[in-house]
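See below for the structure under consideration.
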Amino acid sequence: MNKRIYTSLGYRLQNLSTYFKSFDFEKKYGHLIIRRGDSDIRVFKQIFLDEVYHFFPERFDPQVIVDAGANVGYSPVWFASKFPSAKIYAIEPVLSNFRILEKNTGKNPCIIPIQAGLWYENVNLKIHDPKIGSWGFETHAADPVEKAGVEGITISGLMERYGLSRIDLLKIDIEGAEFELFKYNSSEWLSKVNMMMIEVHDRLKPGCSKLIDEVVTPFGFQKFLTKELTIYYKS
């Protein structure tokens, strides 16, 4: 990776070359693929330069992290660098993203890539592309008669499949599907989650923030807002 790549994409990341010179990036994070002409560079900047997920309680040491909407793998790689003893379950429904995710995380045995979409029930999902880049794909329940689609997996189903008794950190960026995820059946798993980082998409599902607040409050979560995220945690 070098400055010419980013210049050719037309992005002004003036501090990027200084950032890479400050330490051996590849040694810390491994070799990462960034596709030209896509939203990858913006996701990369958010995660590694802006560190949008760097909001944790004091002495926070998660052992189980679920990253729903892992895109091409930058967020699970970043989480792994912060919490090297954690097991990270990286969920991504879109095949083109998932193939890059596998390459970006393949050398880290603590990251488990899962091609699926997080949903409130175990059904096939269809992918909708709103044409805003590979970070904006949406998932919807497929018609039962449709054979195509991607697996929809519930949090309870994920925990059962991998033998998880708890989730220390649940990161959710699933382009509006968080509305259904919390509206239906969330009482089955909320007591088993310690902290959540959610990118809430009220623009796609009006009332989503209010719904999530109402659902999670009885489970003892406190709320904290950042520019990008809504964070819920149990003290």
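The values are calculated or read from the model by the stated rules, or taken from the named source; none is laboratory data. It should be emphasised that the depicted structure is a prediction, and the values quoted were computed from it without experimental measurement. So basically every Cβ, Gly included, is an ideal-geometry build from the backbone, and we count neighbours across all protein chains shown. These area figures cover heavy atoms from the full protein model, side chains too; ligands, DNA and RNA do not enter into them. Shrake-Rupley method; radii C 1.70, N 1.55, O 1.52, S 1.80 Å.
Could you list, in sequence order, all residues of the stretch 101-113 that are β-branched (Val, Ile, Thr) and buried (at least 22 other Cβ atoms within 10 Å of the Cβ)?
First, pick out the residues of the stretch 101-113 that are β-branched (Val, Ile, Thr): 105, 111-112.
Matches in the stretch 101-113: THR105, ILE111.
Residues of the stretch 60-82 being surrounded by fewer than 24 Cβ atoms within 10 Å (Cβ to Cβ) and under 15 Å from ARG166 (Cβ atoms), which ones?
Within the stretch 60-82, PHE60, ASP61, PRO62, GLN63, VAL64 qualify.
Kindly evaluate ASP67 against the criterion of being acidic (Asp, Glu) and within 23 Å of LEU118 (Cα to Cα).
Values: acidic (Asp, Glu): yes; within 23 Å of LEU118 (Cα to Cα): yes.
So ASP67 passes the test.
Given the criterion open to solvent by less than 40 Å² (accessible area, probe 1.4 Å) and touching a residue at least 60 places away in the same chain (Cβ under 8 Å), identify the matching residue among LYS183, LYS171.
On the way: LYS183 fails: open to solvent by less than 40 Å² (accessible area, probe 1.4 Å).
Matching residue, one of LYS183, LYS171: LYS171.
It is to be established whether one or more residues within the stretch 26-45 are modelled with pLDDT of 70 or more and among the aromatic types (Phe, Trp, Tyr).
Kept after step one, since they are modelled with pLDDT of 70 or more, are these residues of the stretch 26-45: 26-45.
Adding the requirement that they be among the aromatic types (Phe, Trp, Tyr) leaves 29, 44.
The answer is yes; a qualifying residue exists.
Could you please find all residues in the stretch 163-185 being assigned to a loop (DSSP other than H, G, I, E, B) and of a type in the set (Asp, Glu)?
Restricting attention to the stretch 163-185, the residues satisfying the condition of being assigned to a loop (DSSP other than H, G, I, E, B) are 163-166, 168, 173-177, 184-185.
The answer is ASP168, ASP173, GLU175.
Identify the residue in the stretch 83-95 that is touching a Phe, Trp or Tyr at 6+ places or on another chain (Cβ under 9 Å) and not aliphatic (A, V, I, L, M) and, among all such residues, is most open to solvent (accessible area, probe 1.4 Å).
LYS87
Name the residue, out of PHE48, PHE79, PHE44, that is under 24 Å from LYS234 (Cβ atoms) and of a type in the set (A, V, I, L, M, F, W, C).
PHE79
Do you know which residues across the stretch 203-233 are open to solvent by 60 Å² or more (accessible area, probe 1.4 Å) and either of a type in the set (Lys, Arg) or assigned to a loop (DSSP other than H, G, I, E, B) (or both)?
ARG203, PRO206, LYS210, LYS223, LYS227, GLU228
Of all residues being in contact with a Gly (Cβ under 9 Å, 6 or more places away or on another chain) and of a type in the set (A, V, I, L, M) in the stretch 108-126, which is modelled with the highest pLDDT? Just the residue, please. Spell out the reasoning first.
Residues of the stretch 108-126 in contact with a Gly (Cβ under 9 Å, 6 or more places away or on another chain): 108, 111, 113, 116-126.
Now restrict to residues that are of a type in the set (A, V, I, L, M): 111, 116, 118, 123, 125.
Working: ILE111: 98, ALA116: 95, LEU118: 95, VAL123: 85, LEU125: 86.
Per the criteria, the residue is ILE111.
Pick from ARG36, ARG59: which is without any contact (Cβ under 8 Å) to a residue 12 or more places away in the chain, basic (Lys, Arg) and part of a loop (DSSP other than H, G, I, E, B)? Steps first, please.
Numbers: ARG36 fails: without any contact (Cβ under 8 Å) to a residue 12 or more places away in the chain.
Among ARG36, ARG59, only ARG59 is without any contact (Cβ under 8 Å) to a residue 12 or more places away in the chain, basic (Lys, Arg) and part of a loop (DSSP other than H, G, I, E, B).
Restricting to the stretch 127-139, and then to whatever is surrounded by fewer than 16 Cβ atoms within 10 Å (Cβ to Cβ) and in contact with a strand residue (DSSP E or B) (Cβ under 7 Å, 6 or more places away or on another chain), can you tell me which residue is modelled with the lowest pLDDT?
PRO130
Given the criteria open to solvent by less than 30 Å² (accessible area, probe 1.4 Å) and assigned to a helix (DSSP H, G or I), does MET159 qualify?
Details: open to solvent by less than 30 Å² (accessible area, probe 1.4 Å): yes; assigned to a helix (DSSP H, G or I): yes.
So MET159 passes the test.
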